[in-house]
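Here is the structure we will look at.
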Amino acid sequence: MNILVINGPNLNLLGTREPDVYGHETLSDIEKWLNDQAESDGHHIEWYQSNHEGNIIDRLHETMGNMDGIIINPGALTHYSFALRDAIASVNIPTVEVHLSDIYNREVFRKVSVIKDVCIKQISGKGKSGYLIGLNKLISLSE
Ligand code: DQA
């Protein structure tokens, strides 16, 4: 399978950003770790990170016809971006929503995900394992 993993605003700062919440691993540590798991199963992952809503939407549009699944951690866009929600619904590719932290046990505004209903699964609070759970969910769709 060809899977696109998208990380949204501020996730480029993983490793130094609020390590008590998000841990000490960088985004590139997580990329290497997940790539190893995917490649050993014959799957290919492309990675994209942006701090800009429109760029993420453009990247989602480019997946049409090219990707079998999407894993997305939209960062704070999760909680208010109806444009992102519409983009996920528009490309119509199975999409898993991932959050490193447990969005249900933090500030009240984080409890709302406007993209949840257009994703096939939401994983929250499992750290980097959330990306692997998402990958396995997408792989299971093709089996
Ligand atoms: C996050 C949770 C969001 O509320 C936050 O804005 C992030 C990261 C997570 O991975 O836990 O940037 O998506």
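What follows draws every value from the coordinates through simple rules; no lab data is involved. Since this is a predicted model, take the numbers as computed values, not measurements. Every residue, glycine among them, receives a Cβ derived from its backbone with ideal geometry; neighbour counts consider all protein chains shown.
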message: Using the Cα centre of the chain as origin and beta-carbon charges of +1 (Lys, Arg) and -1 (Asp, Glu), tell me which of His61, Tyr104, Pro19 is placed farthest towards the positive end of the dipole.
response: Tyr104
query: Just from its helices, what would the mean residue ellipticity at 222 nm be for the chain, if runs of 4 or more DSSP H residues each count -39500 (n - 2.57) and the sum is divided by every residue, rounded to the nearest 500 deg cm²/dmol?
result: -10500 deg cm²/dmol
message: Taking the beta-carbon count within 10 Å as an exposure proxy, list Thr78, Thr26 from fewest neighbours to most.
response: Thr26, Thr78
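Over all distinct alpha-carbon pairs, what is the Kirkwood Rh of the chain in angstrom?
15.0 Å
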field: GNM top mover of Gln49, Gln122, Gln37 - the chain, alpha-carbon springs below 10 Å
entry: Gln37
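For region 52-143, which chymotrypsin sites (Phe, Trp or Tyr not before Pro) pass both filters: DSSP loop (anything but H, G, I, E, B) and at most 16 other C-beta atoms within 10 Å? Walk me through the numbers before you get to the answer.
Working: sites: Tyr80, Phe82, Tyr104, Phe109, Tyr131; in loops: Tyr80.
Passing both the DSSP loop test and the Cβ count: Tyr80.
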message: For Lys121, give me every one of the aspartates and glutamates with a C-alpha distance below 19 angstrom, ignoring sequence neighbours fewer than eight places off in its own chain.
response: Asp68, Asp86, Glu97, Asp102, Glu143
query: Dipole size in debye (nearest 20) for the chain around its Cα centre, Lys and Arg Cβ +1, Asp and Glu Cβ -1?
result: 440 debye
field: Of Pro74, Pro19, Pro94, the one that fluctuates the most in a GNM where the chain has Cα springs shorter than 10 Å
entry: Pro19
query: With contacts defined as alpha carbon pairs under 8 Å and 6 or more residues apart, what's the relative contact order of the chain in percent?
result: 26 percent
